[in-house]
1. Using 11 Å as the cut-off for backbone N distance, which residues of region 52-70 belong to the label zone defined by a point 7 Å from the Cα of VAL110 along Cα→Cβ?
2. Neighbouring Cβ atoms within 10 Å as the yardstick, rank TRP35, TRP79 fewest first.
3. Kindly put ARG60, ARG40 in sequence by how many other C-beta atoms sit within 10 Å of each C-beta, fewest to most.
4. Given a Förster distance of 35 Å, report the FRET efficiency between ARG41 and ASN85 from their Cβ-Cβ distance, rounded to the nearest 0.05.
5. Tell me, what is the FRET efficiency for ARG26 and GLU66 to the nearest 0.05, using R0 = 30 angstrom and their Cβ-Cβ distance as r?
6. Around LEU75, what is the net charge, scoring Lys/Arg as +1 and Asp/Glu as -1 over all other residues with Cβ under 10 Å from its Cβ?
7. Can you compute the radius of gyration and Dmax for region 61-118, using only the Cα atoms, both in Å?
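Since every read-out is calculated from the coordinates, none of them should be taken as a lab result. Keep in mind that this is a model prediction, so the values were computed, not measured. Cβ coordinates were reconstructed from backbone atoms using ideal geometry, including for glycine residues, and neighbour counts include every protein chain displayed.
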Amino acid sequence: MRSNQNWGDNVQKMESISGERRRDKRYGMQLQVRWKLIRRRRLIDSGTGCTVNMSSGGIRFEGGREMPAGLNVELAISWPVLLLNVAPMQLLITGRILRSGDGWAAIRTVTHEFRTFSTGGPMTSGLRTPGLVLQMKGVATFNGAL
């Protein structure tokens, strides 16, 4: 059956949507990332890669393999700034994969937190690494908690 609809002269031609439609500004940052693919609280796969861009609402990263949309992911990102110019930090992210292709994935951020890590570094251990105890003017802190 052939559909030949004529909408008339009153309907204007829709312009295509162009430009940036994201709510949050994205920043191009290439940082080391360690990722874990999670389904029903179980580890399915893990690996390392590099972030492509980041915003407060999401992250696109190169993970080296295809990742199914809808699954949860945990990221540990090596942060380029030292806490108090002393302690290395990592950004821990949980999120949901929105789309992926050719080794990259885009996620929506669900939770995020900064943590310090021991001198072994975030790439040599798991996501939940022990924090570095810092002395700040007589006040001991552990992972930012007083």
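1. Answer for this model: 70.
2. Listed from fewest to most nearby Cβ atoms, that is TRP79, TRP35.
3. The fewest-first ordering by Cβ neighbours comes to ARG40, ARG60.
4. Working from the Cβ atoms, E equals 0.40.
5. 0.85
6. On the way: positive: ARG34, LYS36; negative: GLU74.
Counting the neighbours of LEU75, the net charge comes to +1.
7. 13.3, 39
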